[in-house]
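Since every read-out is calculated from the coordinates, none of them should be taken as a lab result. Please read all numbers here as calculations on a predicted model, not as lab measurements. All Cβ positions, even for glycine, are placed from backbone atoms using ideal geometry, and neighbour counts span all protein chains on display.
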Amino acid sequence: MKKTIVFLAICLSLLSFNNKKDGWISLFDGKTFTNWKVGNNASSFTIENGTIKVNGETAHLFYDGDVQQHNFKNFEFKAEVMTLPGSNSGIYFHTQYQQGGWPEKGYEVQVNNSHTDWRRTGSLYGIKDVKDKYAQDNEWYTEYIKVEGRKITIKINDKTVVEYTEPENLDAERKNSLRRLSSGTFALQAHDPKSTIYYKNIMVKPLP
């Protein structure tokens, strides 16, 4: 019994070391909404079997914790996601808390494998959209976002689907918009009552 306890302690120690070594930090504990903040329609987000279940009226769940004081500029982000048929959601970055409505600040990365909106999973919504389907409903897949300087990279299951470099001189329409790179937090979207999406293993790696 003592040997088993020692072995487990060593394994946990190594796991902790590896987590620190690779730089990834968990944003969701799998049990509570500690460090997350939602405005209107909070019931659209629930916790089910270690996942964030998204289903209900339009709402957004914002990371509001201590990591980087929830203000990220350069980073790598990843989450495991599963959509049910006909569902739509999104992951916002460089955004800020908003009580209601669609977030005005930052970019949205699409979560949509079969919704009527043609912009599929991995789209940098309205900026560089993806028509092809790289993930399936009812299956877990990994959605990855990297921001470094002015470059945005989006991967689905390790396949790069978007590479976008924001121009230094934005056109007049976007120059006065908050839909641009800056810094900020992350948010998960509840799109509509017919959509059901699950998120787990939500991780970030801050970059210099």
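Here r is the Cβ-Cβ distance between Asn74 and Thr116 and R0 is 30 Å; the resulting FRET efficiency, rounded to 0.05, is 0.30.
Gain on full extension, evaluated as 0.36 nm per residue between Phe33 and Val67 minus their Cα-Cα distance, stands at 10.8 nm. For the chain, the square roots of the Cα gyration tensor eigenvalues, ordered a ≥ b ≥ c, give a/c of at least 1.5 with a/b greater than b/c, which places it in the prolate category. Angle of helix 2-22 to the longest C-alpha principal axis of the chain, folded into 0 to 90 degrees and rounded to 10: 30°. For Lys73, the aspartates and glutamates whose Cα comes closer than 13 Å to its Cα, not counting residues fewer than 8 places off in the same chain, are Glu148.
For Lys155, the aspartates and glutamates whose Cα falls under 15 Å of its own Cα, not counting residues fewer than eight places away in the same chain, are Glu76, Glu80, Glu108, Asp129, Asp132, Glu143, Glu163. Among the listed pairs Lys31/Lys194; Lys53/Lys205; Lys151/Lys205; Lys31/Lys205; Lys37/Lys105, which have their C-alpha atoms separated by more than 19 angstrom in this model? Over 19 Å apart, Cα to Cα: Lys31/Lys194; Lys53/Lys205; Lys31/Lys205.
Between Gln136 and Lys194, residue separation times 0.36 nm minus the direct Cα-Cα distance comes to 19.1 nm. Residue by residue, the range 58-63 carries 3J(HN,Hα) couplings of 3, 7, 9, 10, 9, 6 Hz when phi is fed to the Karplus relation 6.51 cos²θ - 1.76 cosθ + 1.60 (θ = phi - 60°); x denotes Gly or Pro.
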